[in-house]
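Structure first, then comments.
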Amino acid sequence: VSSTSKLSIEGANLGLDFDLALSGRDIGTMTFAGSAAGIPAEAYAELQRAGSSGQQPDFNAVMPQIQNITIYGASFGFDGASVTKRLMPMMPGMQGMDETTMVNRAGAMVQMGLMQLQSPQFAEQAAKAVNAYLKDPKSITIAARPSSPVKVSDMMTLDPAKPQDAISKLGVTVSAND
């Protein structure tokens, strides 16, 4: 486990930039990163209280407070050491196919699964990344890197019937073997 973080305090608000990596020998490394500002200390305290007491947070109280949180970006990645290469010979048998067929079909399955997001470009990008990773399992990353910072209130105004708008606004990408 390794991490770096920066916590900033401005008035009653917090800012947080973090990178966290969890590594397993002969498995790989999962990385998580994010950056946000304007996090109300009271909203954070409510979430902590709820978590420590085993209760659900009072979202009616928290929602108005989080509207001005600014999201700068986030990512999740996996850098494979060897676990994918070891699992690949086993997984196709569970699906009743050979490894080549499974790798060739994986991208199409991902693309079909993502079609409900109504962003053919994103679905195609994700399918290509999954295919590239399975053919040569080095790394795969999903990231949200908006072209300019995004407030939670901006996200709340998006039409739920148009999920592609959220993908675009957040600058969501999937890449492999970078």
Part-to-part distance (alpha-carbon centres) for the stretch 72-151 and the stretch 1-63, which is given in Å
26 Å
Over every pair of different alpha-carbon atoms in the stretch 1-97, take the mean of 1/r and invert it; report that Kirkwood radius in Å.
16.4 Å
Just need log10 I(q)/I(0) for the stretch 18-71 at q = 0.26, 0.31 Å⁻¹, Debye formula, equal scatterers on the alpha-carbon atoms, no solvent, rounded to two decimals.
-0.96, -1.10
Along the Cα→Cβ direction, 7 angstrom out, place labels at Lys6 and Ala108. What is the inter-label distance in nm?
4.7 nm
Round to the nearest 10 and report in Å² the accessible area of Thr157, as given by a 1.4 Å probe over the protein chains' heavy atoms.
110 Å²
Within-15-Å neighbourhood charge of Ala81 [Cβ basis; K, R +1; D, E -1]
+1
Identify all lysines with a Cα-Cα distance to Lys151 below 23 Å; exclude those on the same chain that are fewer than 8 residues away in sequence.
Lys6, Lys162, Lys169
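Give the dimensionless ratio obtained when the Cα radius of gyration of the chain is divided by 2.2 N^0.38 Å.
1.23
From Cα pairs below 8 angstrom and at least 6 apart in sequence, can you work out the relative contact order of the stretch 48-178, rounded to a whole percent?
Relative contact order comes out at 33 percent.
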Label-point gap, in nm, between Met156 and Asn60 - each point 7 angstrom along Cα→Cβ:
1.5 nm
Give the aspartates and glutamates reachable from Lys135 as a straight Cα distance under 19 Å; neighbours fewer than 8 places away on the same chain don't count.
Asp26, Asp79, Asp98, Glu99, Glu124, Asp178
Computed on Cα atoms, Rg of the stretch 85-168 relative to 2.2 N^0.38 Å comes out at 1.37
If you take the Cα atoms of the stretch 44-101, find Rg, then find the Kirkwood Rh from the mean of 1/r over all pairs, what is Rg/Rh?
1.33
Given a 1.4 angstrom probe, I'd like the percentage of the accessible area of the chain that is carbon and sulfur, rounded to a whole number.
57 percent
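The values are calculated or read from the model by the stated rules, or taken from the named source; none is laboratory data. This structure is a prediction, so every number in the text was calculated from the model and none was measured. Note: ideal-geometry Cβ built from the backbone for every residue, glycine included; neighbour counts use all protein chains shown. Heavy atoms of the whole protein, side chains included, go into the accessibility calculation; ligands, DNA and RNA do not. Shrake-Rupley method; radii C 1.70, N 1.55, O 1.52, S 1.80 Å.
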